[in-house]
Amino acid sequence: MRRWQDQEGGQERANYGLFLVELCDLLEVPHPDPASATTENNGYVFERVVREVTRDGSSSLKRIDLYKKDCFVLEAKQSRLSGEKQVSGGLQSSGIESTPRGRRASANRSWDVLMMNARAQAENYVRLLPTSDEPPPFVLVCDVGHAIEVYANFRRDGKAYDQFPDRRSFRIYLEELRDETVRARLKAIWTDPLSLDPTRHAAKVTREIATRIAKVSKALEEQGHPTEEVAMFLMRTLFTMFAEDVELLPKDSFKDLLADCTEKPEIFPGMMQDLWKAMDEGGFTATIREKVKRFNGEFFKNRRAMPLAREEIGELAAAARYDWKDVEPAIFGTFLEQALDPYDRRKLGAHYTPRAYVERLVIATVIDPLRSEWDAARSTADRQKAEGKADAAIRTVQAFHDRLCDTKVLDPACGTGNFLYVSLELMKKLEGEVLEALANLGGQEGLALESHTVDPHQFLGLEVNPRAAAIAELVLWIGHLQWHFKNRGAAPSEPILKAFHNIENRDAVLLWDGYPLPQVKDGVDTYPNARRPKWPDADYIVGNPPFVGGKDIRARMGSAYAEALWKAHSHMNDSADFVMYWWDRSADILLKPKSRLKRFGYVTTNSISQVFQRRVMEPYLNAKKPLSLTMAIADHPWTKVTRDSAAVRIAMTVAQAGKHDGRLMEVTAEEGVETDSPVILFEEKIGRINADLTVGVDLASVIPMRSNEGLSSRGMSLHGSGFIVKPEDAEHLGLGRSPGLERHIRLYRNGRDLTDRPRGVMVIDLFGLTAEDVRVRYPAVYQHVLTTVKPERDVNNRATYRDNWWIFGEPRRDLRPALVELPRYIATVETAKHRIFQFLDASILPDNKLVAIGLSDGYWLGVLSSRFHVPWAMRTGGWLGVGNDSVYVKSRCFDPFPFPDASDTQKSAIGAVAEELDAHRKRVLSEHPHLTLTGLYNVLERLKAGAKPDDLDAKERRIFDDGLVLILKELHDKLDLAVAEAYGWPVDLAEEEVLARLVVLNKERAKEEKRGLVRWLRPDYQIPRFGSDKEKAEQLEADLGEAILEAVSGQKPAFPADERDQTPAVLHQLIAAEGGVDALTIALSFRQGRKCLPAVNAVLSSLVRMGLVSTREGKSFSWRSVA
C-alpha cells in the first residue's frame, strides 16, 4: 500500500495491470490467465475483447481491462496524478486541500467525473458480452493506487448495478485493504461472488424464523384467539426483535426480557404491554430498566399481548437470536401468507412472489424511467460543471432529487407490501447515487436527509385484507430503517415511525353504497350502486393482483360480487381474468389527458396473451392515442418454495403512453426455480410488442372467418362424475338389453385418453330426453343419475345446472349437429405438450378437454397436422400449466385459420398421407401397450432437433424402435411438402415467414368474404345454417334439384298465417323435394325464413304422428318414404 500511495505520475495503461496483479497477491487469488486467440476461452484475462455493433451495422472492438467470467467486469482508471492534465471539470473546489492518494476523501471534494464515466463504460461492456456469458454479478471501477468502487447486480440481467454493499462502504480506499473483512469481501468477488448475495442469507433466516413463529401462531389459534389478532400480536413482537437488533432498543434488552419470561411465563403479557406502551409514547420503562425512543406510528396503539406457555416463549426467544438487521422485509409477507386461512387463499388467489421476480418488474416499471431521467440530469450537470457553472450543476442534481422525493408508487393489490418495499429499496439505492453526486459537487446533502428524502409516504397501497394492509405499512418502515442504518449509521429522529396512512384497507376494483358490507335483501347479498373506486394519484403503478381466472370469479368471489363487478366494469368481457380489471383501470388512467401516471406494470398469469385477456389490451394498444408495451415476458416460471404455492406460469407486462418499441424477453434457461433465489436467463427482442406478446407478425390482428364457422368446439362438460361408467356398469344399467340405450351410453374420451392410454370408460348422455322420458324408458339409468349426479347438481350455483340435472352441464348443442352425420371427426387435446390431431370414431363422445372439429376427410386432418397449422396454433393459442403446455383455443386457432385453396388432386394427395399417418399411429399404439402419443412425439422432437438414434437413451430407443418413429417423421415430412404445394409456398419457409403469409392470407380471405365469396369448408352443412340467402338457394339447387330451385328462385312464397294453410304449404315442399329434407331447409324456402321454423317443426311433428311423413331421428323428413 505504501508503494502505491507514494507513487506520483505514471500512465493508466502502464500501471493498472501491475497494480491488479499485486492486488491478487494480497487477496490470495490466482493471477489472470494469458489471453488466447479465441474469445470464448478468455474467461479470466486482461484486455478481454468484446464487439460493439452500431445502428448502421458496422462494428468496433472494445477491451475490458480485467474480466472474470461469472464474477466481474473491471474498468481501471488513474486520476489526480502529479504532472498530468486534470480531467475536464475535475479541478478541486477553492480552499479545499487535496486528499492523499489511497485515503478517504472529504465529503466536499470535487465530483469525480472520471470514475462515473468508467462505471458507465464497464456497465456497457457487460451488455456487449456474448450470449454464452451470463452478465456477471459485479462491476468494479478501479482508480489505480487509490480506490476500488464496487457495484452489484445479483439479478444477472445485465442492467443497472447498485452500490455494494451500501453507500457508506461501496468505495474501498487503498488503506482500507488493511481490514480483513474488506479483503474477504473482495476475495469473494473473485472466487464466490454469489455468496455475497444478501437475499440468500435472508431467505434462509426467513424460513427458519417462520418455522418457529408458525408454532406460536398455531398454539394461539388452538386456544381460540382470532387469526387476525394473532397475526397483529406476532407482527408487533417481530418488529420489537428488529428494533433491538438495530439498537433502537438497548442491546439485548428484548432477548433478556424473553429469557425472564421463559422462567415465569405468567409475567409475559404484562411485560410486553408495558414495553409497547413505552415504545408508543417514549420514555422510561421498568420492563427493561431503560428509556425508550418514541416509535408512535400507531403500530403500538394496540398493545395487547397474548399469554404464552414456556414452549412458545422459547420459540420467540430463539427467533430473537437471529440477526434481524439483515432480515428481508418480505419475510413479513411470508409469515402472513402462511397464517392465511386456506379458504382465504383460494378466494383471493394470493401467491408469494419471489424477490427476483419482483425486482424484474419494478426495475422495468419504476427504476428504468427514473434512471433515464437521472442519466439526463447528471449529463447536464457534468456539462454545467465543465463550463464552470458549479452552482447550476448542483441545482440540476438537487432538482432531480426533489422529483425523486416527490415520486409516488402505487400497488393497488399490495398484499404484504413486497412490490412497494422493493420499489422503496431500489429508489433509495438510486437516491444514494444522487446524494453521492451532490456531495462530490459540494452540495449540502446533509441538510436534507431527515426532512427531504425518499421515505414510506411515497409508496401507496390498496389491499382488501386488513392484516396484510397493516403488515405492508410496517414492511415499508423496516425497509426504510434498514436503509437508514446501513447508509447513515445513526438512529433517525423521533418519532421513529410516522402515521402516513399510505396503505388503504379497501377493495381496489369495486365500491358500492354501504361499503365494505353488502346489503342483504331477501336473504341475498347485494351491492347497490356498484362502481369503480378512485385510486390515489401516482407516477407509477406496479403489482401482482390476485390470480383468479375469469371462469372462476363467480365461484371464488360469490355470484353477487361477480355480478356487481361486471356491472361496475361494464366495458369488460365477463371472461377476463380478475387481474385484467387492474390492468384495464391502469390503462384507463394512463391515457387520460394530463395524467400523472407514467408507467404501469403487472405480474399476471400467462393467459394474458390469450383471447379474453387480449380483448382487454387491444383497444388501448390500437387507440388513436395508444399505449405501448415497453417490456413484456409472455411466459415465466413461478416459485415452488412456499407451502401450497401455485404450480402456474406467469407473464409480466409494462405499459407506457404513446407509440414506443419495447423489449420482449423470452426465457432461455431456468435455474433454481424451486428455491428462494431463482435465476432466469433471457433472450431479448426489440420492436413493437403486439397484444399477444409477440414482436413481429401480429397474429392478434387475425379475425375469425365465416368459412370455418360452426365446425369446432370443446367437447362435453359433464358437471357430474356420475355420468361416467365402466362398460360392465353400462351393461348392468341395460346397455344391450334396452332398445335405443346404445344412443345414450357411449364411449368417452378425454385429453389423457388420447395422449396416454384410454381408460376404456363410457358416458351416460341423455341430451334430447326429458327427465320423464328417462324414467319411463330407462329406469335403471334414471335411478343411477338421480343418486350419483343430482346431489352434486343440487348445490351448484347455476339454476340451469340444477334444473336440468340429468343432462350434461354443457351438452354442446352447437357441436352435436356438426358431428351427427359424420362417420368420424377430428380431435385434438385442448392443453397438450404436442399439438397432435387425429380421427375419432363418431361413436365416441369427446370430453371438454378435447377440441372436436366436424370434418371427416383426410385432407383436413393433413392440413391441421402440417407445419403450416401447428406453429400457427402454438402462437395464436395460449400456454398453461407446470409443463407450459400449449392450449388450442378454437376461436383463435381454428376459426381464423386460412386453409389452402387446394385442387382436387392436391386434396387427394394430402388426404392419402394423412390417412397413412393416422393409421400408423393407431397401429403402433395398439401393438405396443407401453407406447403413448406423447412418448412418440417426444422422440420425434428429439430427432427433429438433430439427435441420432444412437443418441437416445434406453427408454427413448425402445419407443423409437416399437413406434417406428422414423416412419412417423417421414410421413410428417411428406405431409408438410404436400401442404406447401397446396399453398404454393416453399416447404422450407422460416416459421416467422409462414406465419406472416398466413396473416396476409387471413386478411385477403376476410376481404373476399365481405364481397360475398366464402370458401366454406363443409358447404352442405354450413350454408343452410350460416350462408346468405343467395348461397342457400345455390345450395338447394345443388342438393335438392330443380323443384326446389323453382320454389326459391325469384320471389319466395310467404308462409301462411292461418294454421290451416300451413300444413299444405309444408307438404308441398316435402313432395317437391323428392327426398329427405330438414325443417330448416323447408323454413328457408319461405320469405319469413327462420322466423317460421317453429311452425314448420309443429307441422312436421303432426305429419309424423299421422303417418304421412317418415323421419330419421327427427332430423330429416320424407314424403311417404323411409328416411
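With respect to (1) free of Cβ contacts under 8 Å to residues at least 60 places away in the same chain; (2) under 30 Å from Phe170 (Cβ atoms), the lone exception for Asn487 is condition (1). Evaluating Arg212 against the criteria (1) part of a loop (DSSP other than H, G, I, E, B); (2) buried (at least 17 other Cβ atoms within 10 Å of the Cβ) leaves one unmet condition, (1). Filtered by the rule that a residue be modelled with pLDDT under 95 and within 18 Å of the chain's Cα centre (by Cα), the stretch 616-632 gives Val616, Met617, Glu618.
Selection of the stretch 538-569 for residues being within 23 Å of Leu597 (Cβ to Cβ) and assigned to a loop (DSSP other than H, G, I, E, B) yields Ala538, Asp539, Asn544, Pro545, Pro546, His569.
Identify, from the list Ile267, Ile209, the residue that is without any contact (Cβ under 8 Å) to a residue 24 or more places away in the chain and either assigned by TED's automatic domain parsing to the domain that holds Leu316 or of a type outside the set (D, E, K, R) (or both).
Residue meeting the stated conditions: Ile267.
Which numbered condition trips up Arg746, out of (1) more than 20 Å from Arg813 (Cα to Cα); (2) over 36 Å from the mean Cα position of the chain (by Cα); (3) of a type in the set (Lys, Arg); (4) surrounded by 14 or more Cβ atoms within 10 Å (Cβ to Cβ)? Result: Arg746 fails condition (1) only.
Among the residues of the stretch 297-307, is there at least one that is on the phi > 0 side of the Ramachandran plot and either in contact with a Cys (Cβ under 7 Å, 6 or more places away or on another chain) or at pLDDT below 75 (or both)? Looking for residues that are on the phi > 0 side of the Ramachandran plot and either in contact with a Cys (Cβ under 7 Å, 6 or more places away or on another chain) or at pLDDT below 75 (or both), one finds at least one in the stretch 297-307, hence yes.
If you check Thr755, Thr694 for being surrounded by 17 or more Cβ atoms within 10 Å (Cβ to Cβ), polar (S, T, N, Q) and under 30 Å from His660 (Cα atoms), only one passes: Thr694. Summed over the stretch 763-777, residues that are touching a residue at least 40 places away in the same chain (Cβ under 8 Å) and part of a helix (DSSP H, G or I) total 0. When you check Ala202 against the structure, is it over 18 Å from Cys24 (Cβ atoms) and aliphatic (A, V, I, L, M), yes or no? Answer is yes for this residue. Has the stretch 176-185 got at least one residue that is closer than 23 Å to Val679 by Cβ, part of a helix (DSSP H, G or I) and within 37 Å of the chain's Cα centre (by Cα)? Yes: the stretch 176-185 contains one or more residues that are closer than 23 Å to Val679 by Cβ, part of a helix (DSSP H, G or I) and within 37 Å of the chain's Cα centre (by Cα).
Using the structure shown, decide if Gly760 is out of contact with any Lys or Arg (no Cβ under 7 Å at 6 or more places or on another chain), among the small types (Gly, Ala, Ser) and part of a helix (DSSP H, G or I). Break it down into steps so the answer makes sense when it comes.
Values: out of contact with any Lys or Arg (no Cβ under 7 Å at 6 or more places or on another chain): yes; among the small types (Gly, Ala, Ser): yes; part of a helix (DSSP H, G or I): no.
In short, no.
Note on the stretch 148-174: among residues that are over 34 Å from the mean Cα position of the chain (by Cα) and aromatic (Phe, Trp, Tyr), the one that is nearest to Cys71 (Cα to Cα) is Phe170. Checking Ala799, Ala842 one by one, the residue that is farther than 27 Å from Trp879 by Cβ, touching a Leu at 6+ places or on another chain (Cβ under 6 Å) and small (Gly, Ala, Ser) is Ala842 and no other. When the stretch 132-147 is limited to residues that are assigned to a strand (DSSP E or B) and of a type outside the set (A, V, I, L, M), the one that is farthest from the chain's Cα centre (by Cα) turns out to be Asp143. Look through the stretch 102-131, keep the residues that are of a type in the set (D, E, K, R), part of a loop (DSSP other than H, G, I, E, B) and surrounded by fewer than 16 Cβ atoms within 10 Å (Cβ to Cβ), and return whichever of them is modelled with the highest pLDDT. Among those residues, the one meeting the criterion is Arg103. Listed by position, the helices (runs of 4 or more DSSP H) enclosed by the stretch 956-1039 that each have at least 1 residues that are outside the structural domain of Leu861 (by TED's automatic domain parsing) are 991-1010, 1019-1026. Residue pairs whose Cβ atoms lie under 6 Å apart, separated by 6 or more positions or on different chains, with the first residue in the stretch 941-967 and closer than 16 Å to Ile836 by Cβ and touching a residue at least 60 places away in the same chain (Cβ under 8 Å) and the second surrounded by fewer than 14 Cβ atoms within 10 Å (Cβ to Cβ) and not acidic (Asp, Glu), do not occur. Does at least one position in the stretch 498-512 carry a residue that is outside any loop (DSSP other than H, G, I, E, B), of a type in the set (Phe, Trp, Tyr) and either buried (at least 16 other Cβ atoms within 10 Å of the Cβ) or in contact with a His (Cβ under 7 Å, 6 or more places away or on another chain) (or both)? Among the residues of the stretch 498-512, not one is outside any loop (DSSP other than H, G, I, E, B), of a type in the set (Phe, Trp, Tyr) and either buried (at least 16 other Cβ atoms within 10 Å of the Cβ) or in contact with a His (Cβ under 7 Å, 6 or more places away or on another chain) (or both), which makes the answer no. Residue count for the stretch 513-537 satisfying the condition of being part of a loop (DSSP other than H, G, I, E, B) and either aliphatic (A, V, I, L, M) or in contact with a Phe, Trp or Tyr (Cβ under 8 Å, 6 or more places away or on another chain) (or both): 6.
Candidates in the stretch 821-842 are the residues that are closer than 15 Å to Ser886 by Cβ and of a type in the set (Lys, Arg); of these, the one that is surrounded by the most Cβ atoms within 10 Å (Cβ to Cβ) is Arg835.
For every residue, the table says whether it meets (1) in contact with a strand residue (DSSP E or B) (Cβ under 9 Å, 6 or more places away or on another chain); (2) modelled with pLDDT of 90 or more; (3) assigned to a helix (DSSP H, G or I); (4) charged (D, E, K, R).
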{"site": "Gly9", "(1), (2), (3), (4)": "no, no, no, no"}
{"site": "Asn15", "(1), (2), (3), (4)": "yes, no, yes, no"}
{"site": "Leu23", "(1), (2), (3), (4)": "yes, yes, yes, no"}
{"site": "Val29", "(1), (2), (3), (4)": "no, yes, no, no"}
{"site": "Pro32", "(1), (2), (3), (4)": "yes, yes, no, no"}
{"site": "Glu40", "(1), (2), (3), (4)": "no, no, yes, yes"}
{"site": "Val45", "(1), (2), (3), (4)": "yes, yes, no, no"}
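The values are calculated or read from the model by the stated rules, or taken from the named source; none is laboratory data. What you see is a predicted model, and the numbers here were worked out from it, not measured in a lab. Backbone-built Cβ (ideal geometry, glycine too); neighbour counts: all protein chains shown.
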